[in-house]
Amino acid sequence: MKLIYRTYLKAVQRITFIINPIAGTRAKKNISDFILQELDKEKYVPEFLETEYAGHAHELAREAVNERVDVVVAVGGDGTVNEVASALVNTDTVFAVIPCGSGNGLARHQHIPLTIKGAIRVINEGKVRHLDYGTMGDKPFFCTCGVGFDAFVSQKFAEGSKRGFLSYIEKTLREGVRYKSETYTIEYEDRVDRQQAFLIACANASQYGNNAYIAPEASMEDGLMDITIIKPFNTILAPQVIMQLFSKSLAVNPHVQMTQASSIRITRPSAGAVHIDGDPMMMGEVIDVKIHRHAFHMIVGTPATNKLMIPLQSFADICLEILGRK
């Protein structure tokens, strides 16, 4: 464990910042100094730790729980968020986030500003909600998990050297042309469905990240996951589907089916890739997905008007250019 800063000031709560120095594209140099400038030190006694390897953030967060730290902050991307938050479920320790990744799905859903200064302002305000999280198999997720095409793309993206939003869109469009849908059996509490699907997304929060809304109406406080099933469609419709993700209008697409459940079982023809909060991994043929209601505490922001990252027309031009149809 690398302790990079600790200070002892009179304050109400102990707060630990777990910093992933290599997450995303934002430089982390001197980030602890910047946080100290903005943090309400009459309210918090801060400690700063850096991660050194995969899984370290989870270990540090568990140690913080054992030491009865009041608030633990993930400073990094979606992977760091998942590691830290998963260590805090079913405890009294409060989770917070300073988003520094490329997607920042949980931060966006909970209205956390993407600037460090804005995120610290939210922490200073200290508005705490009791939220749900999910498990896919025995792996926790906080935003989304899924099988099918989104898991396939997550795997391809992780193998590639390019990062960033447009690189992800390019990978999605190019791989989508070649991807073959599979037939799944989905067992709900009250029924069983069998159908061919391009992807099945289980959403605790509304978006993948980057304001791509796979389940626009999802809530993290209702004890339910929003299940989005995209059925096979002609690849020429891919730009339209992607634009509907960003305009929160995916539900109007005739190839999309949305429903809710607290738990489901997905059976597929063979073992393969899944994604959990955007990170790919391998699982078997039968996968259980479940929501755990009101299982962790999080400091959240205040809702604000969300804007598309880029105009729809410009986005359509990018999609068509990537597909080679322009």
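What to note about this one:
- Consider the stretch 213-234 and keep the residues that are within 26 Å of Leu114 (Cβ to Cβ) and surrounded by fewer than 24 Cβ atoms within 10 Å (Cβ to Cβ). The one that is farthest from the chain's Cα centre (by Cα) is Asp222.
- Of all residues in the stretch 23-38 being touching a helix residue (DSSP H, G or I) at 6+ places or on another chain (Cβ under 8 Å) and surrounded by fewer than 20 Cβ atoms within 10 Å (Cβ to Cβ), the one that is modelled with the highest pLDDT: Glu38
Residue-wise test of (1) of a type outside the set (Phe, Trp, Tyr); (2) under 28 Å from Asp288 (Cβ atoms); (3) part of a helix (DSSP H, G or I).
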{"site": "Gln195", "(1), (2), (3)": "yes, yes, no"}
{"site": "Cys202", "(1), (2), (3)": "yes, yes, no"}
{"site": "Ala205", "(1), (2), (3)": "yes, yes, no"}
{"site": "Ile214", "(1), (2), (3)": "yes, yes, no"}
{"site": "Glu217", "(1), (2), (3)": "yes, yes, no"}
{"site": "Ile227", "(1), (2), (3)": "yes, yes, no"}
{"site": "Pro239", "(1), (2), (3)": "yes, no, yes"}
{"site": "Gln244", "(1), (2), (3)": "yes, no, yes"}
{"site": "Pro254", "(1), (2), (3)": "yes, no, no"}
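- Among residues of the stretch 59-89, those that are assigned to a helix (DSSP H, G or I) and among the small types (Gly, Ala, Ser), counted: 6
- Candidate set: the stretch 273-292, residues that are of a type in the set (Gly, Ala, Ser) and modelled with pLDDT under 95; chosen: the one nearest to the chain's Cα centre (by Cα): Gly278
- Among the residues of the stretch 46-60, those that are modelled with pLDDT of 95 or more, of a type in the set (A, V, I, L, M, F, W, C) and out of contact with any Asp or Glu (no Cβ under 7 Å at 6 or more places or on another chain) comprise Phe48, Leu49, Leu60.
- Residues satisfying the criterion are present in the stretch 69-81 (criterion: modelled with pLDDT of 95 or more, surrounded by 13 or more Cβ atoms within 10 Å (Cβ to Cβ) and over 21 Å from Leu106 (Cα atoms)).
- Per-region count, the stretch 132-157, residues part of a strand (DSSP E or B), crowded, with 24+ Cβ neighbours inside 10 Å and hydrophobic (A, V, I, L, M, F, W, C): 3
- Of the residues making up the stretch 235-261, those that are among the charged types (D, E, K, R) and either over 19 Å from Cys202 (Cα atoms) or exposed (fewer than 15 other Cβ atoms within 10 Å of the Cβ) (or both) number 0.
- Odd one out for Asn20 among (1) buried (at least 20 other Cβ atoms within 10 Å of the Cβ); (2) more than 19 Å from Thr115 (Cβ to Cβ); (3) within 19 Å of the chain's Cα centre (by Cα): (2)
The values are calculated or read from the model by the stated rules, or taken from the named source; none is laboratory data. Please read these numbers as outputs of a predicted model, since none were measured by experiment. Glycine gets a Cβ as well: all are built from the backbone with ideal geometry, and neighbour counts include every protein chain shown.
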